[in-house]
Amino acid sequence: MLIGLSAVLSTSLQASTLTEYSAEYNVLRKGKIHGTATRAFTQVADNTYALSYETDVKWMIFTEKRTEQSLFTYENGETKPLHYSLNREGTRPDKSFRIKFDRENKQLFSKEHEYPLKVEWDESRQDVLSYQNQLRHELKAGKTQFSYPIIDKNGNARLYNFKVVGKETITLPIGNVETIKVKRLYDNNKRHALAWFAPQYDYMLVQMLKGKDGVEQFQIQMTAQSPKQTQ
């Protein structure tokens, strides 16, 4: 009986552990490469994970290096952020930003403010990276519409809405990839953002496009990923 129970618990723990991964991307504008980006997902403790995103971009006289990281727990299908950090340097003024999710006292703190942020506490609130983990796993579960309360990079409360708009086979440096195409829903038509996730790569983000006023701002395309997935 004890042996059987032990086996069940072991299987349950293995099932709740998310797979670590890393990915490399080109950063493009109008088809030309202007930099690189990397994403890495690692387990740092039991049910606790870190998702990082780094970019290094050069375009004409504009340069920027950016590092973002979100630390969060993931249990029972729920992503709960603990800490978010941003460091940016380059042509624009350097920026360093931190957000702490004090879940015990139900408060949000930032590096720039002595007191808690005046943001209503919401157990489902995400940072600008952690929601991507939640969306990925909800997409794997078959959802087609998504809505997340967010604390943004300036400490403001926002609501991010997305929907699946179809399936598409796209050509990337890693080859032809079958994807699920997701669109972000904005309050107006000035901005647009699309993301492509590949089921064959465990629903990893393989391409993203952002634009404003009908003009492409940037695009990222996957060039490599690990661990290697079966195609």
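Of the numbered conditions (1) of a type outside the set (D, E); (2) more than 22 Å from Q207 (Cβ to Cβ); (3) surrounded by fewer than 12 Cβ atoms within 10 Å (Cβ to Cβ), Q145 satisfies every one except a single condition; which is it?
(2)
In region 26-36, which residues are closer than 11 Å to V57 by Cα and either in contact (Cβ under 8 Å) with a residue 40 or more places away in the chain or not aliphatic (A, V, I, L, M) (or both)? Give the derivation first.
Looking only at region 26-36, we keep the residues that are closer than 11 Å to V57 by Cα, and these are 26-29, 33-36.
Across region 26-36, the qualifying residues are N26, V27, L28, R29, H34, G35, T36.
Looking at region 148-165, which of its residues are out of contact with any Pro (no Cβ under 9 Å at 6 or more places or on another chain), surrounded by 15 or more Cβ atoms within 10 Å (Cβ to Cβ), without any contact (Cβ under 8 Å) to a residue 40 or more places away in the chain and under 21 Å from K95 (Cβ atoms)?
Selection gives I150 alone.
Of a type in the set (A, V, I, L, M, F, W, C) and out of contact with any Leu (no Cβ under 9 Å at 6 or more places or on another chain) - does that describe any residue in region 143-153?
Looking for residues that are of a type in the set (A, V, I, L, M, F, W, C) and out of contact with any Leu (no Cβ under 9 Å at 6 or more places or on another chain), one finds none in region 143-153, hence no.
When region 1-45 is examined, which residues are found to be of a type in the set (S, T, Y) and modelled with pLDDT of 95 or more?
Within region 1-45, Y21, S22, Y25, T36, T38, T42 qualify.
Restricted to region 80-97, and to residues that are surrounded by 14 or more Cβ atoms within 10 Å (Cβ to Cβ) and of a type in the set (K, R), which residue is modelled with the lowest pLDDT?
Selected residue: R88.
Taking interchain pairs and intrachain pairs at least six residues apart, which have beta carbon atoms under 7 angstrom, with the first residue in region 37-60 and in a strand (DSSP E or B) and the second of a type outside the set (V, I, T) and surrounded by fewer than 14 Cβ atoms within 10 Å (Cβ to Cβ)?
From residues that are in a strand (DSSP E or B), the pairs are F41/E20; T42/E20; Q43/E20.
Run down R103, R125 and say which single residue is surrounded by fewer than 18 Cβ atoms within 10 Å (Cβ to Cβ), among the basic types (K, R) and at pLDDT 95 or above.
Values: R125 fails: surrounded by fewer than 18 Cβ atoms within 10 Å (Cβ to Cβ).
Testing whether each residue is surrounded by fewer than 18 Cβ atoms within 10 Å (Cβ to Cβ), among the basic types (K, R) and at pLDDT 95 or above leaves just R103.
Return a yes/no flag: does region 107-119 have any residue that is under 16 Å from the mean Cα position of the chain (by Cα) and either part of a helix (DSSP H, G or I) or surrounded by 13 or more Cβ atoms within 10 Å (Cβ to Cβ) (or both). Steps first, answer last, please.
Residues of region 107-119 that are under 16 Å from the mean Cα position of the chain (by Cα), as a first pass: none.
Looking through region 107-119, none of the residues is under 16 Å from the mean Cα position of the chain (by Cα) and either part of a helix (DSSP H, G or I) or surrounded by 13 or more Cβ atoms within 10 Å (Cβ to Cβ) (or both).
Given the criteria assigned to a strand (DSSP E or B) and farther than 25 Å from A50 by Cα, does T223 qualify?
Numbers: assigned to a strand (DSSP E or B): yes; farther than 25 Å from A50 by Cα: no.
So T223 does not fit the description; no.
Could you look through region 206-220, keep only residues that are in contact (Cβ under 8 Å) with a residue 12 or more places away in the chain and out of contact with any strand residue (DSSP E or B) (no Cβ under 6 Å at 6 or more places or on another chain), and pick out the one that is surrounded by the fewest Cβ atoms within 10 Å (Cβ to Cβ)?
D213
List pairs: first in region 166-192 and surrounded by 10 or more Cβ atoms within 10 Å (Cβ to Cβ) and modelled with pLDDT of 95 or more, second small (G, A, S) and assigned to a strand (DSSP E or B), Cβ under 6 Å, 6+ apart or cross-chain?
V177/A198; T179/A198; K181/G166; V182/A195; R184/A193
The values are calculated or read from the model by the stated rules, or taken from the named source; none is laboratory data. In this text the structure is predicted, and so the values were computed from the model without any measurement. Quick reminder, even Gly has a Cβ in these numbers, built from the backbone with ideal geometry, and neighbours come from all protein chains shown.
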